[in-house]
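The values are calculated or read from the model by the stated rules, or taken from the named source; none is laboratory data. On a predicted model such as this, the values are computed, not experimentally measured, just so you know. Backbone-built Cβ (ideal geometry, glycine too); neighbour counts: all protein chains shown. Accessible surface is based on the protein model in full, side chains and every heavy atom, while ligands, DNA and RNA are left aside. Shrake-Rupley method; radii C 1.70, N 1.55, O 1.52, S 1.80 Å.
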Amino acid sequence: MDSLPDLAAIEAMDEADPLRPFRNRFALPAGVIYLDGNSLGAASHEVFAEVRQAAMEEWGNGLIRSWNSAGWFHLPLELGDRIGRLIGAAEGQTVVTDSTSINIYKTLHAALAMRPGRNVIVAEGDSFPTDLYMAEGVASTRPGVTLRLEGRDANTIEELIDESVAVVLVNHVNYKSGELRDMAALTKRIQASGALVIWDLCHSAGAITVDLDGAGADFAVGCSYKYLNGGPGAPAFIYAARRHHASIAQPLSGWWGHARPFAFERNFDGDAGIKRFLCGTQPILSLRALKGALSIWDEVDMKALRQKSIALTDLFIRLVEAKCGQYGVVLDTTRDGEKRGSQVSFTHSNGYEIMQALIERGVIGDFRAPSTLRFGFTPLYVSYRDVWLAASVLEEILSSGSWRDQRFAVRSAVT
Ligand SMILES: *Cc1c(COP(=O)(O)O)cnc(C)c1O
């Protein structure tokens, strides 16, 4: 094995990092190494400026006029297209609205309606739970529809696909292990059987390069408050390939999805495009925060971002395995950088306590039950030096056993 880089070598990597200037755009507190941008992205000065402008000027002075004069009404589509650039979606196919959970509900129903006679939803047994909960909910409203799970009903999604499958709901990057699926290959395999695919991009939008159009995907959903830094509870996005727009029916047929919302007609006549996925009035202040966050993303070269993400995560794996392996932390993410998202997970039977001890020392990651220590690496504001320091603090906590203090065992509601 190569020898570990020293701090001087690490600092040279930061000097040479083309993304380094982005760090100053974020309002990170001093003394914090933030490795949880995969759960809640950091705030940027651009976001503060947008929120201030939206609240004080547009709402405060513009009042109702701002729906037109400040472009509020068009934000879902405008921001959708800006996210579209990051996920390989040409214009007019992505809209920002509601939460990922609700968007899963809408896309699952739409997909089932497009495949009459097929009554199976395939998903992953180790998916982020809300995806499964929403799939259960959809199945409960459609007589005959059942759920097949990878890891329960067969080992792989491929084995679960047959003529009865209408739709496969699948994560591009697994939220816990960071495993990355081959989007193009799996999309092809699913569509060859006549089924549709919904990609969950919660852990890939803003984290890695994504090419929905290139892969020929049918639908996608994802968060904007994780890697995209849109703020707590920022609305999610939906993508639907243009070829499907004419056949989409979704059950939450609210007035914002109507072709002519301000005609106030008695019956629902859905918009001909992606707007059909909107339901009711959108959270404008949250959308404006997201708009601020996306103004940074407009400048980002996604290939450079991906390269740095792999370098950061490689470095963290090497450092932690070398310094901490003897204390029982076990890598739960692939060593192959091309096959993981922008996160690294380790398991340890006292993962919760260790993470609390890390957070007290200013190294913020998170814990996922039952035993996962999860670290997200957001290349826009995490430096190689952060990675080096985080691994050193973890080593100190493990070698001293400081995590054994009682206060670290107290569980909070959000982990
Ligand atoms: C974070 C995450 C969600 C969150 O859904 P919300 O409706 O925004 O709470 C859904 N799916 C996956 C895979 C996630 O990682």
Pairing a residue in segment 354-366 that is more than 11 Å from G376 (Cα to Cα) and not assigned by TED's automatic domain parsing to the domain that holds V382 with any residue that is open to solvent by 10 Å² or more (accessible area, probe 1.4 Å) and modelled with pLDDT of 95 or more, where Cβ atoms lie under 6 Å and the two sit 6 or more apart in sequence or on different chains, gives none
Counting only residues that are surrounded by 12 or more Cβ atoms within 10 Å (Cβ to Cβ) and either assigned to a loop (DSSP other than H, G, I, E, B) or free of Cβ contacts under 8 Å to residues at least 12 places away in the same chain (or both), segment 1-10 contains a total of 3
Against the definition (out of contact with any Leu (no Cβ under 6 Å at 6 or more places or on another chain), in the same structural domain as T187 (by TED's automatic domain parsing), open to solvent by 30 Å² or more (accessible area, probe 1.4 Å) and assigned to a strand (DSSP E or B)), how does L169 come out, yes or no? no
Within segment 253-292, the residues that are open to solvent by 20 Å² or more (accessible area, probe 1.4 Å) and either touching a strand residue (DSSP E or B) at 6+ places or on another chain (Cβ under 7 Å) or at pLDDT below 95 (or both) are S253, A259, F268, D269, D271, K275, R276
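Just to be sure, is D14 of a type outside the set (G, A, S), at pLDDT 95 or above and touching a strand residue (DSSP E or B) at 6+ places or on another chain (Cβ under 7 Å)? I'd like the intermediate steps shown before the answer.
Values: of a type outside the set (G, A, S): yes; at pLDDT 95 or above: yes; touching a strand residue (DSSP E or B) at 6+ places or on another chain (Cβ under 7 Å): no.
No; evaluated as a whole, the condition is false for this residue.
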In segment 158-180, anything more than 23 Å from A236 (Cβ to Cβ) and touching a strand residue (DSSP E or B) at 6+ places or on another chain (Cβ under 6 Å) is listed as L160, S164, V165
Taking segment 216-236 and keeping only residues that are assigned to a loop (DSSP other than H, G, I, E, B), near the ligand (Cβ under 10 Å from one of its atoms) and open to solvent by less than 10 Å² (accessible area, probe 1.4 Å), one is left with C223, S224, A234, P235, A236
In the set T334, T313, the lone residue that is at negative phi and open to solvent by 10 Å² or more (accessible area, probe 1.4 Å) is T334
Restricted to segment 120-149 and to residues being open to solvent by less than 40 Å² (accessible area, probe 1.4 Å) and within 13 Å of the ligand (Cβ to nearest atom), the residue nearest to V173 (Cα to Cα) is S127
Scanning segment 362-383 for residues that are outside any strand (DSSP E or B) and within 20 Å of A27 (Cα to Cα) gives G362, G365, F377, T378, P379, L380, Y381, V382, S383
Residues in segment 237-252 that are open to solvent by less than 10 Å² (accessible area, probe 1.4 Å), of a type in the set (A, V, I, L, M, F, W, C) and within 16 Å of the ligand (Cβ to nearest atom) total 2
Can G92 be described as under 16 Å from the mean Cα position of the chain (by Cα), away from the ligand (no atom under 16 Å from the Cβ), at pLDDT 95 or above and outside the structural domain of L305 (by TED's automatic domain parsing)?
no
